[in-house]
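The block underneath contains the structure these notes are about, expressed in structure tokens.
Please treat every number below as a calculation from the coordinates, not as lab data. All of these numbers come straight from a predicted model, not from anything done at the bench. Please note: Cβ atoms are built from the backbone with ideal geometry, for glycine as well, and neighbour counts cover all protein chains shown.
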Amino acid sequence: MKTIVVGYDGSEPAERALGRAAELAEALAAHVVVVSVTRPGPVPAPEPVFAPVAPVLLPGGPAGPAPLPVPDPERRPEPEELARRRVEQARMQLVGMRVEAEYVAEVGDAAERLLAVAEERSADLLVVGAREHGLLERLLGRGVDESVARGAGCDVLLVH
């Protein structure tokens, strides 16, 4: 086994998949390709838990209290930026492991892009996190894990 492609979106199942892919890569001296895919279009901004009405003052030095910066509610990360952040998050998870890894940030349909990268890199194994699908998701379409398992041209490891 030479190449392992792993899908990573920062979720708990993706964390487990990344860990399992890294373990296999270490044991088999395989190359890991970590792929993070974000959907195109604007990414919804997270709802603030606490939104100050007025600037909050922190204790400061001789000049007095320093104002706490208030985040810009209009600033939303672009899909490419979000994918790059996730790739960096995955890179931090693999620090200290003896794994040769490559990181790919993609925008598009997650299953399609994972399958495309696996084919481009001649992957021997594609690793994705599996999660429980809700009734609506089962009725309307397949999850990424199921789509990858059905469409892959290589072995697939679904990590629970």
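Points worth noting:
- Put a dot 7 Å past the Cα of H160, heading toward its Cβ, do the same for A116, and the two dots end up 3.2 nm apart.
- Using the Cβ-Cβ distance between M1 and E88 with R0 set to 25 Å, the FRET efficiency from 1/(1 + (r/R0)^6) comes to roughly 0.45.
- Packing-based ranking of 13-20, 89-96 yields 13-20, 89-96, ordered from highest to lowest mean Cβ neighbour count within 10 Å.
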